[in-house]
Amino acid sequence: MAIIFETERFIIREYLPADLDDFVRLLTDPEVKVYLPQRSREEWSTIFNANLDFYKSNPGLGRWGVEDKRTGKLVANAMLLPSRESLEGHEVGYSLEKFYGETAPGLR
């Protein structure tokens, strides 16, 4: 498991194949998906698997799991991807369980 960085409470790390169910759970949560493109489990699964391959050719970029150090539970998804609008920029995003709303400051 490649750790991208850590905060006092969270580990931000590359996803592992075993994380698929948690990834889909996070992105299909009714309170989270309001802000995301509406996709089926199969579509999110395709994105997840493409992301695992993306790590190999794009070190330091991709979608990452945010793991609560205390519980070991994946509680958020964070991403840093090349911009779709500019060859020079990057796109930053995150989605997190409602309970962990305070994760955002930890990602700064």
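Estimated from the Cβ-Cβ distance and a Förster radius of 25 angstrom, the FRET efficiency linking D21 and S83 is about 0.25.
Given the -39500 (n - 2.57) contribution per DSSP H run of 4+ residues, what per-residue ellipticity at 222 nm results for the chain, rounded to the nearest 500 deg cm²/dmol? Dividing the helical sum by the residues of the chain leaves -8500 deg cm²/dmol. In terms of its C-alpha gyration tensor, the chain has a rounded overall shape, because the principal axis ratio a/c (a ≥ b ≥ c, square roots of the eigenvalues) stays below 1.5.
Local charge for D22 was computed over the other residues whose Cβ lies under 14 Å away, with Lys and Arg +1 and Asp and Glu -1, and equals -2.
Only Lys, Arg, Asp and Glu carry charge here, each on its Cβ (+1 for the first two, -1 for the last two); on that basis the chain has a dipole of about 100 debye about its Cα centre.
Coordinate-derived values only; no laboratory data. Remember, it's a predicted structure, so these values are computed and weren't measured experimentally. Virtual Cβ from ideal backbone geometry, glycine too; neighbours counted across all protein chains shown.
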